[in-house]
1. Of Asp379, Asp346, which residue is closer than 20 Å to Leu418 by Cα and either open to solvent by 30 Å² or more (accessible area, probe 1.4 Å) or β-branched (Val, Ile, Thr) (or both)?
2. Would you check which residues across the stretch 285-304 are in contact (Cβ under 8 Å) with a residue 12 or more places away in the chain and not hydroxyl-bearing (Ser, Thr, Tyr) and list them?
3. Can you name the residue in the stretch 362-376 that is farther than 17 Å from Lys437 by Cα and within 28 Å of the chain's Cα centre (by Cα) and is also surrounded by the most Cβ atoms within 10 Å (Cβ to Cβ) among such residues?
4. For the stretch 295-364, list the strands (runs of 3 or more DSSP E) that sit wholly inside it and hold at least 2 residues that are touching a Pro at 6+ places or on another chain (Cβ under 8 Å) and among the basic types (Lys, Arg); which are they?
5. So which pairs qualify, if the first residue must be in the stretch 452-478 and acidic (Asp, Glu), the second must be open to solvent by less than 40 Å² (accessible area, probe 1.4 Å), the Cβ gap must be under 8 Å, and the two must be at least 6 apart or on different chains?
6. For Ala164, which of the numbered conditions (1) assigned to a helix (DSSP H, G or I); (2) open to solvent by 60 Å² or more (accessible area, probe 1.4 Å); (3) modelled with pLDDT of 75 or more fails to hold?
7. List the number of the failed condition for Phe432; all other conditions in (1) open to solvent by less than 10 Å² (accessible area, probe 1.4 Å); (2) of a type in the set (Phe, Trp, Tyr); (3) closer than 19 Å to Leu307 by Cβ hold.
8. What about Leu257, is it farther than 29 Å from Gly416 by Cβ, under 15 Å from the mean Cα position of the chain (by Cα) and among the hydrophobic types (A, V, I, L, M, F, W, C)?
Amino acid sequence: MAGGRAFRPSAPRRAAFAALLTLLLLATLSFLLSSPPPTHASHRSSYLGASPPSRLAAIRRHAADHAAVLAAYAAHARRLKEASAAQSLSFATMSSDLSALSSRLASHLSLPEDAVKPLEKEARDRIKLARLLAADAKEGFDTQSKIQKLSDTVFAVGEHLARARRAGRMSSRIAAGSTPKSLHCLAMRLLEARLARPSAFADDPDPSPVFDDPSLYHYAVFSDNVLAVSVVVASAARAASDPSRHVFHVVTAPMYLPAFRVWFARRPPPLGVHVQLLAYSDFPFLNETSSPVLRQIEAGKRDVALLDYLRFYLPDMFPALQRVVLLEDDVVVQKDLAGLWHLDLDGKVNGAVEMCFGRFRRYSKYLNFTQAIVQERFDPGACAWAYGVNVYDLEAWRRDGCTELFHQYMEMNEDGVLWDPTSVLPAGLMTFYGNTKPLDKSWHVMGLGYNPSISPEVIAAAAVIHFNGNMKPWLDVALNQYKALWTKYVDTEMEFLTLCNFGL
C-alpha cells in the first residue's frame with residue numbers, strides 16, 4: 001500500500017486529541033486490569049495419563065503454538081517506537097527458544113519415561129514464561145488497538161475534508177502503515193483460540209485429492225489477511241453454479257497459518273467449496289539458492305513482502321495443475337468464474353484485463369526507459385494490464401520458461417534501476433510481455449478503492465470487482481457507496497470481529 005503524508009491537526013486540536021487519548025487509555029487499562037486472567041489447568045491435565053510419546057507430541061504442538069503467538073507479537077512490537085525495543089527482543093528470543101525446544105521434543109518422541117520428565121518440566125516452565133510475556137503484551141496491544149481505532153476515525157475526517165476542499169478529487173495517498181490494528185487483533189484472537197483448544201485444530205491436515213485434480217477450477221490467493229480471504233472464498237462460492245468444483249489454494253506467512261486454520265475450522269468454507277491452507281515455508285524450493293527474490297530480501301535489498309512475489313512460482317507450487325486463476329485478496333466475486341477455464345488464451349501464458357486509456361497506464365509509466373535493456377526489449381506505448389484476476393496456463397508457462405525469465409529480470413534490477421522495486425506489477429509486465437491475452441473488461445472491474453465515480457451498471461455487470469487502491473473495504477476510510485458490496489459476504493457470526501473493533 002502506498003505511503004503518503006498523514007493528516008495532521010492544528011496545535012489546539014492536537015492537545016484536545018491527546019487529552020482524549022489519555023482518558024481512553026486510562027479507561028481501557030482499568031477495564032483490562034479488572035478482567036481475571038484465564039486459567040490453564042486444563043492444558044496441564046491433558047498431559048496426564050498419556051504415554052510419553054503422545055505427551056511429548058502434545059507438548060511440542062503447545063510449544064509451537066506459543067512460538068507462533070510470540071512471533072506475531074514480535075512483529076507488532078517491532079512497529080512500535082524505541083521504547084518497545086526491549087520487549088521486541090524478549091518476544092523474538094522467547095519465540096526462538098520455544099521453536100528450538102519444539103524441534104528437540106520432535107526428535108525425542110521415543111524416549112523412555114525417565115528421560116521424558118526433564119524435557120516435560122523444561123517445556124512447561126518455558127510455556128509458563130511465554131504466557132506471562134504474552135499476557136503483558138496483550139494489555140498494551142489491546143490498548144493500542146482502541147487508540148488506533150480513534151486515530152483512524154480522525155484520519156477519515158481529514159480525508160473527507162481534503163476531498164471537499166479539492167471539489168471531489170481523491171487524495172492520492174493514505175498515511176504510512178500497511179496493516180490496520182484490527183487485522184492484527186483478529187490474527188491474535190484466532191491464535192489464542194488455538195492455544196485454548198490445541199486438540200481442536202489439526203496441525204497438518206491430510207491433503208485432499210481434489211487439490212491436485214486438474215479437471216476442477218483452481219484459484220491461488222496469497223495473503224496474510226484472513227478476513228479478506230474469507231470474503232473472496234464466500235463470494236466465489238455463492239456466485240458459482242457448482243461450488244464443489246471450485247478449489248482455493250491459500251498461501252500465507254508461517255506465523256499466520258494457525259490463524260487461518262482456526263478461522264476455517266470454526267467457519268468452514270460454504271456450499272462445498274474446497275480450501276487448501278498453506279504457508280510459503282511448505283515449498284522447499286523457495287530458498288535463497290534458487291530464488292533471487294529471497295536472496296535480495298535476506299540481503300536487505302528488498303523491502304517487500306515475499307507473498308507478493310509467490311505468484312511467479314505457480315507452476316512449481318502446483319505441478320499437477322494445468323490452469324490456475326490468481327485472485328487478489330481485495331476482490332469480490334459476483335458471477336460464476338467457471339468460464340475462465342474455457343477461455344482460449346491463443347497459446348499465451350497470462351490472461352488479464354488491460355487498464356490503459358489514451359496515453360495513460362502504458363509501459364512507459366512502469367519501466368525506466370532510460371536503461372538500454374528496457375529500450376531494446378519493450379515498447380513504451382504497450383498497454384499495461386492489471387493484477388487482480390489473472391488466468392494462467394501453467395503448461396504454456398513451463399514451456400516458455402517464464403519463472404526463469406522472471407529471475408533474470410530480478411537479477412538485472414537488483415539495484416532498482418529498471419523499475420520501482422516496491423511494486424510487483426512491473427516485474428509481471430516484463431515477464432509476460434508479448435505473452436498476455438487481453439480479457440473482456442467485465443471479468444475484472446477495478447478502482448473501488450480509490451475511484452468514487454464507477455457507474456452502478458458497470459459494477460453490476462462485473463464478474464469480479466476489485467478494491468484496489470488505499471481505501472480498502474475493511475478500513476474506516478472505505479468509500480461508502482461500495483462498502484456494502486464487500487461487507488455482505490463477511491461472516492459476522494465470527495465473534496472476534498466485534499472484539500477487534502471492525503466497523504462492519
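1. Asp379
2. Phe285, Leu286, Pro292, Val293, Leu294, Gln296, Lys301, Arg302, Asp303, Val304 - these are the residues of the stretch 285-304 that are in contact (Cβ under 8 Å) with a residue 12 or more places away in the chain and not hydroxyl-bearing (Ser, Thr, Tyr).
3. Per the criteria, the residue is Leu367.
4. Details: elements: 323-327, 331-333, 350-352.
Passing ranges: none, list empty.
5. Asp476/Phe155; Asp476/Ala156
6. Failing condition for Ala164: (3).
7. (3)
8. yes
The values are calculated or read from the model by the stated rules, or taken from the named source; none is laboratory data. Every value quoted in this text rests on a predicted model; they were computed, and no experiment measured them. Cβ: placed from backbone, ideal geometry, glycine included. Neighbour counts: every protein chain shown. Calculation scope for accessible area: heavy atoms of the full protein, side chains included, ligands and nucleic acids excluded. Shrake-Rupley method; radii C 1.70, N 1.55, O 1.52, S 1.80 Å.
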